[in-house]
Amino acid sequence: MRTSLFTLSLVSLTALACASTAPSPELLDARRAYESARVAPEARYTPDRVLEAKQALDRAEYAHEKEPGSYEEKSLAYIAERRAELAIVYGQYDADRRMRHTADAQYKAREDVLRREAEANAAETRRVLEGTRATLGTVQGNPADGQQARQRADSGNAAALSSLNQIARVEDDARGTVITLDGSLLFAANKSELLPSARQKLDDVAKALKDGAENITVLGHADSQGMKAEANPRLSQERADAVRAYLVERGVAPDRMKAVGAGATEPVSSKATPAGRADGGRIEIVVEKRRAP
Amino acid sequence: MTFLQDDRAVLAPLRALGFAALLVACSSTRPLPPNYAPTRAAISAADAVGADEQPRAALHLKLARDQLVEAQALAQRGKSEEASLALDCARTDAELALMVAREAQARADAARAKEDVQRLGNADSARSAE
């Protein structure tokens, strides 16, 4: 009886001793959790948090050695397990933030590229439009009757006439606006057929005149040198006719225009100099001043 | 790190308060350990971040609250050391709840940012295809 009692107490003591040195479930959990954190890829970037977890586990282990199964051991083990979890969560959080910043930077970069492309496209479109507008600007349609149309035509005329300054003399005098073309540029000597090179100059004149409504007199002056005096009026008329006919062909309304030959009776300047004689062979296109309606 | 900063910010004045409470309340109710106030602060912080809306975070927030109550009970029975340990457990649970909630938010933000980049990329390639 006493032996069995003694044996029983010995067994109990041993069991108690074994039981008391075994780590608590909380401590086992804490150890497992720390191992997970130690090798977790997420926690790779937060070694300081992993260290905190290790330190918490060490405190738990110490408490276990000091007094196994104590409230202190279990509490510290509980905390250590949470610290290990936290190490992984902190690591994951950092990774998320980094990913978000990278995405934001990518977004901004792509946005910049798209914006630059859009601006380049807009600039290209503007350039094309300007080109089209410039091309369209040289073509003038025939205005309809009416005051507004006439006013538009007038201001267009003024611009067009001033552009003729390069190929002709354009001046205003008592008769109106006078476009003076050198006869030698339009005709061969003593001829009334227009030279091929004359056509381009007269095209520009026609362009300047055709939208208007003023009356036009094509005045031909013949070179007073080399021809008999009696042939000059005919030549000057023929030349004026030729210019008028060509202008009609190029779109100037025929009922606006009359052709007059002035012969050699109205030289602009003295025939004493070759220049003076050249002046004598001119064509004047007189655009009458508009009378108020 | 915000959690730890909160800790330091509230700890000093509340330690003073705790000491005063100790002097005043010594005769009547048992005083609460000095880490009581920081623990409550940590629980409030987790709550404010919306921890109870996320399952894992909500679990730890509940554990924190339960252990806070247990700490109060232990303190009342004069077991101040154990009460302090219970508060430490509660505070750690609260920190975990807070970080789990924040990480869930950060993960959603990152996913949305990536989607936005994809969307821009698709718009770009769609336009090129025109």
Query raised in the report: Name the pairs: first residue in region A:95-118 and facing chain B (nearest Cβ under 8 Å) and within 14 Å of B:ALA108 (Cα to Cα), second residue of a type in the set (Val, Ile, Thr) and crowded, with 17+ Cβ neighbours inside 10 Å, Cβ to Cβ under 7 Å, at least 6 apart or on different chains?
Result: A:ALA103/B:VAL117
**Report entry** Residue check for B:PHE19: at pLDDT below 95, within 19 Å of A:ILE79 (Cα to Cα), aromatic (Phe, Trp, Tyr) and surrounded by fewer than 23 Cβ atoms within 10 Å (Cβ to Cβ)
**Finding:** no
Query raised in the report: How many of the residues making up region B:33-77 are within 14 Å of chain A (Cβ to nearest Cβ) and either in contact with a Cys (Cβ under 6 Å, 6 or more places away or on another chain) or not in a helix (DSSP H, G or I) (or both)?
Result: 6
Query - Residue in region A:78-94 that is among the charged types (D, E, K, R), within 19 Å of B:ALA111 (Cβ to Cβ) and at the interface with another protein chain (Cβ under 7 Å from one of its Cβ atoms) present - result: no
Requested in this report: State which residue pairs qualify: first residue under 12 Å from B:PRO33 (Cβ atoms) and inside region B:69-84, second residue of a type in the set (Phe, Trp, Tyr) and in a helix (DSSP H, G or I) in any location, beta carbons under 9 Å apart, and separation of 6 or more residues or different chains.
Outcome: B:ALA71/B:TYR36; B:GLN72/B:TYR36; B:ALA75/B:TYR36; B:LYS79/A:TYR71; B:GLU81/A:TYR71; B:GLU82/A:TYR71; B:ALA83/B:TYR36; B:SER84/B:TYR36
Requested in this report: Answer yes or no: is there a residue in region A:158-165 that is assigned to a loop (DSSP other than H, G, I, E, B), surrounded by 12 or more Cβ atoms within 10 Å (Cβ to Cβ), more than 14 Å from chain B (Cβ to nearest Cβ) and at pLDDT below 90.
Outcome: no
Query raised in the report: Restricting attention to region B:72-80, does a residue exist that is of a type in the set (Lys, Arg) and surrounded by fewer than 17 Cβ atoms within 10 Å (Cβ to Cβ)?
Result: yes
**Report entry** Counted residues, region A:222-267 - those being modelled with pLDDT of 90 or more and in a strand (DSSP E or B)
**Finding:** 4
Query raised in the report: When you look at B:LEU87, is it touching a Pro at 6+ places or on another chain (Cβ under 7 Å) and not β-branched (Val, Ile, Thr), yes or no?
Result: yes
Query raised in the report: Do the conditions hold for A:ARG97, that is, is it assigned to a helix (DSSP H, G or I) and surrounded by fewer than 17 Cβ atoms within 10 Å (Cβ to Cβ)?
Result: yes
Requested in this report: Mind counting the residues in region B:112-126 that are at the interface with chain A (Cβ under 7 Å from one of its Cβ atoms) and modelled with pLDDT of 90 or more?
Outcome: 4
Report task. Working only within region A:54-77, note down all residues that are more than 11 Å from every other protein chain (Cβ to nearest Cβ) and within 18 Å of B:ALA97 (Cβ to Cβ). Result -> none
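The values are calculated or read from the model by the stated rules, or taken from the named source; none is laboratory data. Please read these numbers as outputs of a predicted model, since none were measured by experiment. Note: ideal-geometry Cβ built from the backbone for every residue, glycine included; neighbour counts use all protein chains shown.
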